[in-house]
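Quick notes on the structure that follows.
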Amino acid sequence: MDLNAKIYVAGHRGMVGSAVVRRLQKAGYQNIVYRTSKELDLRSTEAVNSFFAEEKPDYVILAAAKVGGIMANNTFRADFLFENLQIQNNVIHASHEQAVKKLLFLGSSCIYPKMAPQPIKEEYLLTGPLEPTNEPYALAKIAGLKLCEAYRDQHGSNFISAMPTNLYGPGDNYDLNNSHVLPALLRKFHEAKENNTPEVEVWGTGTPRREFLHVDDLADACLHLMLHYNGRELVNVGTGEDLTIRELVELVRDIVGYTGNVRFNTDKPDGTPRKLLDVSKLAKAGWRYKTGLPEGVRTVYQESFQATPIS
Ligand code: GFB
């Protein structure tokens, strides 16, 4: 990928896409193209085809998706399945039509079976039933990575797929109904501290385990894969370390400095009990994460709540 190559980053305004753009710019890439969703509706086949015919990107990083936390996934089930299928079908097919040299498709660790052995190796895909709260999203992502494999098999396309673990970082979604757990906890504890609220509600039992990766590390891994990985098999991207939601709650509470009570609302879903990724494949390809969770959460808290408060 030479520094003048034209790289299309789909989803450049999202947390992942914006981190990818920052990482590419830092590496000196000069010719990054992107469109806002107003300028280009990725759910429209016609619009995507005209965009690709006009721009003819050399490389594509597909970071556009409809995403959200456990509640959003479980509530907007049709949207998560349908819109993600539309976006990825359009972008992957147009990349094939325009002979894109290489495409990176981004999935999620929720593609693996709910009861997969831990840590989860890439080969455990499709060996058991999915976690029901995010089955529609997971099915869309499985279809996406299989589409990449199929274009490779049928046409020799260099389309690769990476499966990141739970992500956090700048530009995260802090809407309490739709967000993931980490931004939700930051916001809940921050507001409770500001308002002297005696108790904060946390969802589920606190026993599920989750792994968290700073999005800048994911962006670094994406560049690494674009430069060094051309395999058919998907690649897990994570830290290889996890903690319970209860431990995460303690960590975030300490960083924010909230001293009130925490109540676990067990009427809310827990989701999958554990989804720790086996990251040895990526380690063999020469990549490791840099930002530890306490450091990452501290930075995000400072940047998102103390420098420019979330409104
Ligand atoms: O991050 P999260 O929404 O998604 O929830 P998943 C992780 C865990 O945190 C669950 C608990 O056990 C939640 O019950 N939790 C506790 C909370 N308090 C809260 C809270 O205030 N907000 C939220 N959101 N959770 C998503 C999938 O699963 O992860 C997607 O639905 C995707 O498909 C994404 O894979 C990475 O880790 O359960």
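The values are calculated or read from the model by the stated rules, or taken from the named source; none is laboratory data. Keep in mind that this is a model prediction, so the values were computed, not measured. Quick reminder, even Gly has a Cβ in these numbers, built from the backbone with ideal geometry, and neighbours come from all protein chains shown. Ligands, DNA and RNA are excluded from the accessible area calculation, which covers all protein heavy atoms including side chains. Shrake-Rupley method; radii C 1.70, N 1.55, O 1.52, S 1.80 Å.
One table, with the values for the structure above:
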| quantity | calculated |
| --- | --- |
| Computed accessible area, THR205, all protein chains, 1.4 angstrom probe, square angstrom | 50 Å² |
| Carbon/sulfur fraction of accessible area - the stretch 1-158, other protein chains in place, 1.4 Å, % | 50 percent |
| Qualifying trypsin sites (Lys or Arg not before Pro) in the stretch 33-67, DSSP loop, other Cβ atoms within 10 Å at most 11 | LYS38 |
| Loop-resident sites, the stretch 1-110, for GluC sites (Glu not before Pro), counting at most 16 other Cβ within 10 Å (DSSP) | GLU39 |
| Residues of the stretch 1-132: accessible area per residue with a 1.4 Å probe, Å² | 46 Å² |
| Average accessible surface area per residue within the stretch 169-311, 1.4 Å rolling probe, Å² | 46 Å² |
| Value at 222 nm in deg cm²/dmol, rounded to 500, when DSSP H runs of n ≥ 4 in the chain each add -39,500 (n - 2.57) | -12500 deg cm²/dmol |
| Relative contact order %, the chain, counting alpha carbon pairs below 8 Å whose residues are six or more apart | 19 percent |
| Accessible area of the stretch 188-283 belonging to carbon and sulfur atoms, whole % at 1.4 Å probe | 43 percent |
| Zone of LEU139's modelled label, taken as backbone nitrogen in the stretch 66-105 under 20 Å from a point 7 Å along Cα→Cβ | 66-90 |
| In the stretch 154-284, lysine pairs with alpha-carbon atoms under 29 angstrom apart (chain gap of 8 or more, or interchain) | 4 |
| Cα-centre dipole for the chain with unit charges at Cβ (Lys and Arg positive, Asp and Glu negative), debye to 20 | 340 debye |
| Loop-located trypsin sites (Lys or Arg not before Pro) in the stretch 169-254, at most 16 other Cβ atoms within 10 Å (DSSP) | ARG232 |
| Globularity index of the stretch 4-69, i.e. its alpha-carbon radius of gyration over 2.2 N^0.38 Å | 1.10 |
